[in-house]
Amino acid sequence: MKTTSAAYSGNTGLFGPAMIENPYPLYQRLRARDPVHWDEGMGAWVLTSYEHCKTALKDPRFSSDRVSKVRHRYAEDYQELFDILSVLMVQVDEPLHGRLRDLVHHAFTRTAVETYEEPIRSRGRALIEAMLAKPEADFIADFAIPLPILVISDIVGIPEEDRHLVKKWCDDYTVVALNYYTHLTKQQLEDGLSSVRAFKLYLFERVAEIRRSPGDNLLSELVLAERDGHVLSEVELLANTILLLNAGNETTTALLGNGLKLLMDNPAQFEVLRERPELIPNAIEEFLRLDSPVQYVGRVAKEDVRLGETTIARGELVLVMLGAAGRDPALLAEPNKLDVTRTHDHHLAFGTGHHLCAGVQLARMESRIAFEELLKMTSRIESLPGQLRHSENFSLRCYKSLPVRLVAR
């Protein structure tokens, strides 16, 4: 067995440096020329049209189990990682997907999420006040990272003194979880393996404490949960606790950072939002559509499937480019333009079908509250000079830093 190497995709530019900083021109060219594109370097079909992406996410002929398809690419030393990946609820099919989702879904319904509103608002205000007190702030480090990790840690039940450790472990693991079927370096694999082992030791100590004295949190519910005679195995508990921490953490960080940068790049739209804050929910959907935090997800064809003029053969890997789908001209007019007055709910940033993101209600509410408080507490948010860089993660599109100056209202 061997690990994958940095395989860039020839003259398309996919999975090369340009895709990190600005993938959208690449997607646009590919969609126009070859919307169902075979990428030799990745050994996968790359879908860039909205309709094809939606089909691959909803059609039962496509499987979410890409772990079994690609784990053989990696050395035996890393198979522990893939044992965990193989039971993530976002990467399994029915009936296992339904059982895992049922065990966590009740914690993320609209009714349950509404109980988190005041704690989120309180934490958001405190972070904004701290940024206002500085001549310069980094929106990512000072707000977009701490707010989601504080919120999801409260919900899951991670003690405050442990959150910096859990954040690092989850960050390392999510690089593997989002990119293992396309591109990973040896260092990323080593970091992921080290962190998941550390998290496993930590989690099982917490589980022992919970069995002695359960708390009012999601981790206690998962440890004690039973549905139709099923309970989570140790590996299922580990995998899906990491998933929940990641889903409520890094993707929301990316959404907040990408959204603020879009507004600062479009000052007229920023002013529209200040004058009409009731449009914030619309704006959040625009941020998701226009600069999707998760750029792609994988599927595997369970049988031969014809998309357009192309037949995808049984067993072949498919990359569903969510970031490309949101900018398809077939979806809406002027797809590269930010318009906070736009009303739509058709983007695929949260997925669709059975694998719609379980934390969609929390992400939307957390982002809405964040932008409400930013607009209430500031009269201006200025972008400071400096070259911005995105994290080296092809799937998760997030700024490393976002220097800003906040002016109090």
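The distance from the alpha carbon centre of region 24-50 to that of region 233-276 is 25 Å, rounded to a whole number. In terms of other Cβ atoms within 10 Å, D83, D216 run from fewest to most in the order D216, D83.
Kirkwood radius for region 15-70, taken over all pairs of different Cα atoms as the inverse mean of 1/r, rounds to 12.7 Å.
Within the straight-line cut-off of under 26 Å between alpha carbons, the lysines reachable from K58 are K69, K302, sequence neighbours fewer than 8 places apart in one chain being disregarded.
Simple spin-label estimate for D34 and K186 gives 3.1 nm between the two label positions (7 Å along the Cα-to-Cβ direction from each Cα). Over all other residues within a Cβ to Cβ distance under 10 Å of D65, the charged ones net out to +3, with Lys and Arg as +1 and Asp and Glu as -1. Over the C-alpha trace of region 238-296, radius of gyration and Dmax come out as 13.7, 46 angstrom.
Given a cut-off of 30 Å, name the pairs among K186/K337; K337/K376; K54/K200; K134/K337; K54/K168; K134/K186 whose C-alpha atoms lie farther apart than that in the structure shown. The answer is K186/K337; K54/K200; K134/K337; K54/K168; K134/K186. Mean-square fluctuations from a GNM of the chain, with a 10 angstrom spring cutoff on Cα atoms, peak among N179, N258, N266 at N266.
Each principal axis of the Cα atoms in region 139-180 has its own extent, and those three values, largest first, are 30, 25, 15 angstrom. Screening the chain for whole DSSP H helices with an alpha carbon extent of at least 27 angstrom along the helix axis and a mean Kyte-Doolittle hydropathy of at least -0.5 yields 186-212. The Rg/Rh ratio for the chain, using Cα coordinates for both the radius of gyration and the Kirkwood hydrodynamic radius, is 0.95.
For G16, the residues whose modelled amide H falls within less than 5 Å of its own, excluding neighbours fewer than 5 places apart on the same chain, are S9. Region 308-332 and region 290-304 have their alpha-carbon centroids 8 Å apart.
Relative intensity of region 246-360 on a log10 scale, I(q)/I(0) at q = 0.19, 0.20 Å⁻¹, equals -1.04, -1.12, per a Debye sum over C-alpha point scatterers of equal strength in the absence of solvent.
Counting beta carbons within 10 Å around each of S379, S195, S153 and listing the fewest first gives the order S379, S153, S195.
Measuring between their Cα centroids, region 115-139 and region 193-209 lie 30 Å from each other.
Between the amide H of S63 and those of V300, A301, K302, distances stay under 5 Å, these residues lying 5 or more places away or on another chain, with hydrogens modeled in the peptide plane. Diffusion coefficient (Stokes-Einstein, Kirkwood radius over C-alpha pairs, 10 °C, 1.306 mPa s) for region 110-154: 141 µm²/s, rounded to a whole number. Considering only Cα atoms, the convex hull volume of region 95-246 works out to 143 Å³ per residue. Note on the chain: with a GNM built from Cα contacts shorter than 10 Å, the maximum mean-square fluctuation among P135, P23, P293 falls on P135.
Where a number appears in this text, it was derived from the coordinates with a stated rule and is not lab data. Every value quoted in this text rests on a predicted model; they were computed, and no experiment measured them. Every residue, glycine among them, receives a Cβ derived from its backbone with ideal geometry; neighbour counts consider all protein chains shown.
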